[in-house]
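Participant: One structure coming up, written as C-alpha cells, with questions to follow.
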C-alpha cells in the first residue's frame, strides 16, 4: 500500500531577493564591466569600494605595510626562438617514417666532442710522448670538479 502525503505546507522566505530587489553582492562580477578607459582610470586611481580583478591571476609579489613588493623571479617570461631561415614545416605528416634511435652513450658523446680534436692533433703532430696535447683547449684544462659543476648548470639538459 502506498500513502499519499496530502499535507499542505507553507514556506516563508527571508532573503532580500524575494522582496523585489536583487542582491547582487551574492553574484561576484570580477570586473567584467566597464570600458577600457574606465579600467585605466581605475588602475591609476584605485577606488577601495571596487574590487580589483585578480581571479585566475598569479601574484607577482606581496604587500608589506600597504606597499606592493614585486619579485622579478615571479614575472613570467616567454622564451621564443628566432625561426628566420628555418626550413622545416610547422607540421609533421602522418606518412612520415617512424624514426628509432639507439641510446646515446658516453662513447657516442666522446666521439662527437673530443675525437675530432684528438685526430686533428695526432695528424698535425701536436701531441707529446705521453699522448697529451701540446696546446690544450679550455675543456681539456678543466678539472673533474669544474666539469661536474658545469654539467649541473642550468641549460645543460642533465636531469
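The values are calculated or read from the model by the stated rules, or taken from the named source; none is laboratory data. Just so it is clear, the structure is predicted and the values come from calculations on it, not from any experiment. Please note: Cβ atoms are built from the backbone with ideal geometry, for glycine as well, and neighbour counts cover all protein chains shown.
Participant: For the subset of the stretch 142-159 comprising residues that are modelled with pLDDT of 85 or more and loosely packed, with under 10 Cβ neighbours inside 10 Å, which member is farthest from residue 113 (Cα to Cα)?
Facilitator: 145
Participant: Provide a single number: the residues in the stretch 70-107 that are surrounded by 10 or more Cβ atoms within 10 Å (Cβ to Cβ) and free of Cβ contacts under 8 Å to residues at least 12 places away in the same chain.
Facilitator: Qualifying residue count for the region: 2.
Participant: Something else now. Could you say whether any residue in the stretch 118-131 is farther than 30 Å from residue 57 by Cβ, outside the structural domain of residue 58 (by TED's automatic domain parsing), assigned to a loop (DSSP other than H, G, I, E, B) and modelled with pLDDT under 85?
Facilitator: Yes: the stretch 118-131 contains one or more residues that are farther than 30 Å from residue 57 by Cβ, outside the structural domain of residue 58 (by TED's automatic domain parsing), assigned to a loop (DSSP other than H, G, I, E, B) and modelled with pLDDT under 85.
Participant: Checking residue 139 against (1) at pLDDT below 85; (2) within 24 Å of the chain's Cα centre (by Cα); (3) surrounded by 10 or more Cβ atoms within 10 Å (Cβ to Cβ), which single condition isn't satisfied?
Facilitator: Only one criterion in (1) at pLDDT below 85; (2) within 24 Å of the chain's Cα centre (by Cα); (3) surrounded by 10 or more Cβ atoms within 10 Å (Cβ to Cβ) is unmet by residue 139, namely (2).
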